[in-house]
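A short write-up of the structure that comes next.
The values are calculated or read from the model by the stated rules, or taken from the named source; none is laboratory data. Just so we're clear, the structure is a prediction, and the values are computed from it rather than from any experiment. Because the Cβ atoms are built from the backbone with ideal geometry, glycine has one as well, and the counts that use them run over all protein chains shown.
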Amino acid sequence: MAFFKEELSKIRGFVFDVDGVLSHNVLTLSPEGDPVRTANMKDGYAIMYAIRSGYPLCIITGGKTQDTRGRLERLGIRDIYMGTLDKLPCLMEFLEKHDLTADQILYMGDDIPDYTVMRRVGLPVCPNDAAPEIKEISAYISPRNGGEGCVRDVIEQVLRAQGKWSHPEEIRWSSF
């Protein structure tokens, strides 16, 4: 665990998948056949907090519903790649845009489409209910499942390790 804590201090940006990370693996379908995703409010708060603390944050997902895009944009995320099967080019574009290196990135994924990109970043992490192949290459496995606060878990750990997670009394809520 000491190694993991040291790695947290190197993180300068976050990249997340959606299905199985920001939402549950089990999806309900709308009458039109589109997935209806859930969202964890604590994950949303942590995302907004990280962005407002100066961390670039990116979403790379195979999904492509407008409802999901709308929520992500409302959280303040500007780097959103949807309908993506090959995630590595998206990661590389994000890195270049924000002048980051792969070793400065925490990436949270949960399934095989995340495997290649997770092998390239500095800190690959996953939710508790990730596929075995993803758990095997992860430096950290959150005790929380996808859609149940795993994103909050890793963002809060990074910001705490870097002294950027404030005590509630120190936060000016009007700025959030």
Completion exercise
Selection over region 9-39 where residues are surrounded by 18 or more Cβ atoms within 10 Å (Cβ to Cβ), within 16 Å of Cys126 (Cα to Cα), modelled with pLDDT under 95 and not β-branched (Val, Ile, Thr) yields a count of 5
Exercise for the section: Would you mind stating whether Ile60 is modelled with pLDDT of 90 or more, touching a Ser or Thr at 6+ places or on another chain (Cβ under 9 Å) and β-branched (Val, Ile, Thr)? Expected result: yes
Handout entry: Selection from region 45-60 of residues that are surrounded by fewer than 20 Cβ atoms within 10 Å (Cβ to Cβ) and more than 12 Å from Val151 (Cα to Cα)
Key = Ile51, Arg52, Ser53, Gly54
Exercise for the section: Report the residue count in region 117-160 for those that are farther than 16 Å from Ser23 by Cβ and hydroxyl-bearing (Ser, Thr, Tyr). Expected result: 2
Practice task
Pick out, from region 66-176, the helices (runs of 4 or more DSSP H) lying fully within it that include 3 or more residues that are β-branched (Val, Ile, Thr) and in contact (Cβ under 8 Å) with a residue 40 or more places away in the chain.
Solution key: 150-161
